[in-house]
1. Report, by residue number, each residue of segment 99-115 that is surrounded by fewer than 14 Cβ atoms within 10 Å (Cβ to Cβ) and in contact with a strand residue (DSSP E or B) (Cβ under 6 Å, 6 or more places away or on another chain).
2. Which ones in segment 62-76 are in contact with a strand residue (DSSP E or B) (Cβ under 9 Å, 6 or more places away or on another chain) and part of a loop (DSSP other than H, G, I, E, B)?
3. Could you check how many residues of segment 77-98 are more than 35 Å from the chain's Cα centre (by Cα) and either part of a helix (DSSP H, G or I) or buried (at least 21 other Cβ atoms within 10 Å of the Cβ) (or both)?
4. Read through the list (1) surrounded by 15 or more Cβ atoms within 10 Å (Cβ to Cβ); (2) modelled with pLDDT of 90 or more; (3) assigned to a loop (DSSP other than H, G, I, E, B), then give the number of the only condition that residue 28 fails.
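The values are calculated or read from the model by the stated rules, or taken from the named source; none is laboratory data. Since the structure is predicted, the reported quantities are computational estimates derived from the model, not experimental observations. Reconstructed Cβ throughout: ideal geometry from the backbone, glycine too, with neighbour counts over all protein chains shown.
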């Protein structure tokens, strides 16, 4: 019985194939998450925050979606007055097919429901199912963080100065032959002028 509308609804189909609910006593459920296997539903529950565990039913269809599992989801949604369903099937080719099939089944059985593919929201990587994601995050949590390589520190200015002062001065490069000859000629010219000046008689 739907407590909000008073309408009687059936949670399970005539084939007795229903859905698995990891947290059937969620007190404030406003959304249903649907995965393929029961272990995936439990993984999504473990990955959820406390608030999400209270506001979300984590369910599985027990494999390939079918009319009876879609009917069971519709029954759960109507019983609890829920209008949102998030599909979190595996991130692979089979999961793509399950997602599309369930979208079509729910659109047929309950077009008023807001149904979406939520695999991106749950950060599933290619080839992963929700249980794989839980294992991946658990392994990352216990893996030691890489030790950063210390960068080389520049020498302080004082050390650079002292290191430079210890080096011998670089000798000046010797002048080339033409420049040396010109210098010698200039010196000779100056010397001759001085000798001439000494021979001048003054009154």
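1. To start, the set of residues in segment 99-115 that are surrounded by fewer than 14 Cβ atoms within 10 Å (Cβ to Cβ) comprises 104, 107-108, 111-112, 114.
The one that is surrounded by fewer than 14 Cβ atoms within 10 Å (Cβ to Cβ) and in contact with a strand residue (DSSP E or B) (Cβ under 6 Å, 6 or more places away or on another chain): 114.
2. 62, 65
3. Residues of segment 77-98 more than 35 Å from the chain's Cα centre (by Cα): 78-81.
Next, from what is left, pick out any that are either part of a helix (DSSP H, G or I) or buried (at least 21 other Cβ atoms within 10 Å of the Cβ) (or both): 78-80.
Counting residues in segment 77-98 that are more than 35 Å from the chain's Cα centre (by Cα) and either part of a helix (DSSP H, G or I) or buried (at least 21 other Cβ atoms within 10 Å of the Cβ) (or both) gives 3.
4. For residue 28, the failing item is (1).
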